[in-house]
1. Round to the nearest 10 and give me the degree value, 0 to 90, for the angle of helix 282-292's Cα axis relative to the longest principal axis of the chain.
2. Distance from the Cα centre of region 1-40 to that of region 237-292, in angstrom?
3. Quick check: residue separation of Ala132 and Ser242 times 0.36 nm, minus the Cα distance between them. What number comes out in nm?
4. Sequence gap of 8 or more, or different chains, plus Cα separation below 24 Å: how many lysine pairs satisfy both in the chain?
5. With +1 assigned to the C-beta of every Lys and Arg and -1 to the C-beta of every Asp and Glu, and no other charges, what is the dipole magnitude of the chain about the Cα centre in debye, to the nearest 20?
6. Counting only DSSP beta bridges with both residues in the chain, tell me the antiparallel percent, nearest 5.
7. Kirkwood hydrodynamic radius of region 117-177 from all distinct Cα pairs, in Å?
8. Pop the C-beta distance of Ile73 and Asp309 into the FRET formula with R0 = 51 Å and round what comes out to the nearest 0.05.
Amino acid sequence: MGLLESSTISMLDQTLSPPAIATIHVDTLSLSNVDSSNPSARTDLRLKARLDDALIMVDGWALPFKSRPDFNIQAKVNELALPAVNPYLAPQVGLDITAGKLMVDAEGKAEGGQLTGELRPTVAGLRFADRAGAGGDQVSKSIGMPLSTIIGLLEDADGTIALTLPVEGDLLSPDFDYSSVIWSGLYRVLRALITSPFKLVSASVSLLSAGDVGAGEAAAAAGSPMLAPLAFAPGGTDLISSAHEAIVGLRQMLKDRPRMRLTLCGVATSQDLDQLIGDVRGREREMATAKALPRLPELARARMTQVRDALTEGGGADRRGRVPLCSEPRVAPSDPGAPRVELGF
């Protein structure tokens, strides 16, 4: 069975305010060899349609009447204008999408009810504005950072985001749900894509904190990816050697990802205090401590300014605006850790 000629379907969704209007032009729709009396009969499917200006194609076959269904389906969506689906997406993602196009290649097959497949979405030219309550959507909560930040980390210099999402599951399980399978795969892929560029700058330097480098899936889901701080020599503004390598990697990432932002905050610790005081005891130490403490905020501020200058070298005012400094550096005279500049997204 199939359509003898092309058809047009207009839809008006009055559950939204304002109502959403969409037009589907069906050029080809055919189902051949549909036989419920013969479970081994293979049904072929062909669909070619347009949702507004976006081309949608589906091609494949299925054994829909088997007790354990088999199928092999390929699908393609080409240049779907995202503002057209914004009324549905915006409440879910906490962003109003004002521009951008979506391309998707998908394939899925089932053998004996076991589903395997892959979704390959590509988003180009995405533009958006935060909505009230941004950051409260499921993606942001699952990854541990706002979706707008995630987009900035994923988008390349050409304004493109490309993902590959594996899909698998048991179609016969009462707990199987297509949307859950896709969303759980999306969370895993997003976290891997966000962290992978930071994992290795050289054979010895990672930009991720130790917890994120070795975290398993359960640990990864517990919080947002954390960048390793840039360490300084106590009492001064000299970066240690590994921090210089990290600066090179971060600077390249800022160049490759035009929407990426990094916040910097300097931290002065007890190691600074010990270095400034020197090897003195008793009353002399108290006096030296009182004299050294006011220098700690200056040290912390000078360090984060130095890091910003190094990261934005050659990038002009635009890149400096993407590397803001915290309003007040942190002075922690009881912190035994290394003096550092902490990085955040």
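Only the coordinates and a few stated rules stand behind these numbers; no lab work does. These numbers come from a predicted model, not from an experiment. Here the Cβ positions follow ideal geometry from the backbone for every residue, glycine too, while neighbour counts run over all protein chains shown.
1. It is inclined by approximately 50 degrees.
2. Distance between centres, Cα-based: 63 Å.
3. Details: separation 110, 0.36 × 110 = 39.60 nm, distance 4.09 nm.
Working it through step by step, the gained length comes to 35.5 nm.
4. Summing the qualifying lysine pairs gives 9.
5. For this selection, approximately 960 debye.
6. On the way: 76 of 80 bridges.
Of all bridge pairs located within the chain, approximately 95 percent are antiparallel.
7. With all distinct Cα pairs of region 117-177 included, I get 13.9 Å.
8. Computed FRET efficiency for Ile73 and Asp309 comes out at 0.40.
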